[in-house]
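The values are calculated or read from the model by the stated rules, or taken from the named source; none is laboratory data. Note that this is a predicted model, so its numbers are computed, not measured. Note that each Cβ is placed from the backbone with ideal geometry, even for glycine, and that neighbours are counted across all protein chains shown. When the accessible area is computed, the model is the full protein with side chains, heavy atoms only, and any ligands, DNA or RNA have been set aside. Shrake-Rupley method; radii C 1.70, N 1.55, O 1.52, S 1.80 Å.
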Amino acid sequence: MTAISGQRSTAVRVGEAAEEDLRALFGQSIAVFASLVGPTHVVETANPAFFVTIGEERACTGVPVAELMPELAGQGFVALLDEVYRTGEPYTGRDARIVLGTGPHAREAFFDFTYEPRRDADGTVTGIRVIGVETTQVKHAQRLMVEHRAMLEQIARQAPLAEVLDGMARCIENLAPDQVLVSVLLADPDGEHLRHGAAPSLPEFYNRAIDGIATGEGVGSCGTAAHRREPVIVTDIATDPFWDDFRDLAERAGLAACWSMPILARDGGLLGTFAMYHRTPRVPQDTDLALARVFADTAALAIERHHVEQAKTAAEARAKAANEELAKAVRAERQLRAEAEQRASTAAELADRMRAAAAAQAARPHPEHCQLGGAQGCTAPAKIKIADSWGDAAWGCDAHVEEAILNVRSVFIASEELGGLAAYVNR
């Protein structure tokens, strides 16, 4: 009995030494380590990384893990601890999702972890060792990389801006650890107002209400961010003075927090704002802000590309209009030239006829001076006799005969009431 007791005592000491070795091993590690004891999984000891992960304000031992971390209820981790404690079989999880903390400070995290049973000298399970490595950043980076590449491909194939922004908003809403509602507002060319760009999950009445809001200090999160050209984080809309004019609207839409980031061009000009809304008051984590920065930069790329395309389209439209005007001018010039040529031809023909008429009538008796000078008279020699279909006739000089023929043909010889040649003679 003494020998057996001594053996057990030695085993216990060996087990305690091994436990101390584990504590020393994970003492300064970034890996999460905790040693739990008993069926309620009381935290006996844990390394600093464990308490940093769950929140340093909860850094205490001697408390069941379910009391220390009440948010675990319903997430399955305590049930897994119970199972490992009951069966003595270790459990390993990969990329397991867990929500840590509650309220505004809650955050999503991913872990690779192992629940390893602790045993006494008799082999009875006395507790569980928890060893884990947080993979949140890797997980988010992988998802972000896939989604970001898809958006860049959209931009590269020149998809419509509305399609790109809507897809980006939905992507972030899927990537964000907690329920988030994304809004993108586009700056007017004057930079004084913001217009609706994309907000697939916000109520339509809310989007209409903020469409066209001014940029300025204290104009909600987005108007202020656009004015300051820097991020504006409002963790509780119900109490923040920036939201005094929009608080009732936000309450109707069920919005409690809004983080807004300006979208800036490469030259620093304002392109718009990128906002992340939450249904409950919420403090952003570093990953939230990194996500916002990445997609604000992507939105800037899409918007600038859109502006370039707009400018190109406008330039092409102006060039097309100019070409059409030039074509019109060329057609008009050709028509004028043709008309001029026709008039020249007609004038030459008329001149030939007048010369022939003057030669034929030269031997006939006729007045000495032109009779077509009107009230002013004309002292030029009369050479040609002209007549109209109503029997009026007169002799005139070359110039007045040509003028009379042209005018009577085009204006007066239209109806008998116009008087024909008599009206021209007596003009």
From phi via Karplus (6.51, -1.76, 1.60), per-residue ³J(HN,Hα) for the range 61-71 in Hz, x at Gly/Pro: 10, x, 10, x, 4, 5, 7, 5, 10, x, 5
List the lysines whose Cα sits under 21 Å from the Cα of Lys328, skipping any in the same chain fewer than 8 residues away. Lys320
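So for Val180, Val99, what's the accessible-area order with a 1.4 Å probe, most first?
From most exposed to least exposed: Val99, Val180.
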Label points 7 Å out from Cα along the Cβ direction at Ala317 and Arg293: separation in nm? 3.9 nm
Taking the chain as a Gaussian network, where each spring joins two C-alpha atoms under 10 Å apart, which residue of Gln75, Gln142, Gln335 fluctuates the most? Gln335
For the chain, set up a GNM with springs between Cα atoms under 10 Å and report which of Ala46, Ala162, Ala327 has the largest fluctuation. Ala327
Quick one: grab the alpha carbon gyration tensor of the range 168-297, order the square roots of its eigenvalues as a ≥ b ≥ c, and give me rounded if a/c is under 1.5, else prolate or oblate depending on whether a/b is larger than b/c. rounded
Which of the cysteines found in the chain have nothing to pair with, since no other Cys Cβ lies under 4.7 Å from theirs? Cys60, Cys171, Cys222, Cys258
Non-local residues with an amide H under 5 Å from the amide H of Ala382, with H modelled 1.01 Å from N and Pro and chain starts lacking one, are His369, Cys370
How large a share of the accessible area of the chain, in percent, is made up of carbon and sulfur atoms when the probe is 1.4 Å and the other protein chains stay in place? 54 percent
Select from Ala322, Val294, Ala250 the residue farthest towards the positive end of the dipole of the chain; place +1 on Cβ of Lys and Arg, -1 on Cβ of Asp and Glu, and compute about the Cα centre. Ala322
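Using the Cα centre as the reference, give the magnitude of the dipole from point charges on the C-beta atoms of the range 153-200 (Lys, Arg: +1; Asp, Glu: -1; all else neutral), rounded to the nearest 20 debye.
Details: 3 positive and 8 negative charges, 30 e Å.
Roughly 140 debye for the range 153-200.
How many Å² of accessible area per residue for the chain, probe 1.4 Å?
On a per-residue basis, the chain sits at 54 Å².
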Determine the relative contact order of the chain: mean sequence separation of Cα pairs under 8 Å and six or more apart, normalised by residue count, in whole percent. 8 percent
For the chain, with a Gaussian network of springs between Cα atoms less than 10 Å apart, report the residue from His193, His227, His369 with the top mean-square fluctuation. His369
By how many nm would the segment from Leu350 to Asn174 grow when fully extended, if each residue of separation counts as 0.36 nm and the alpha-carbon distance is taken off? 54.6 nm
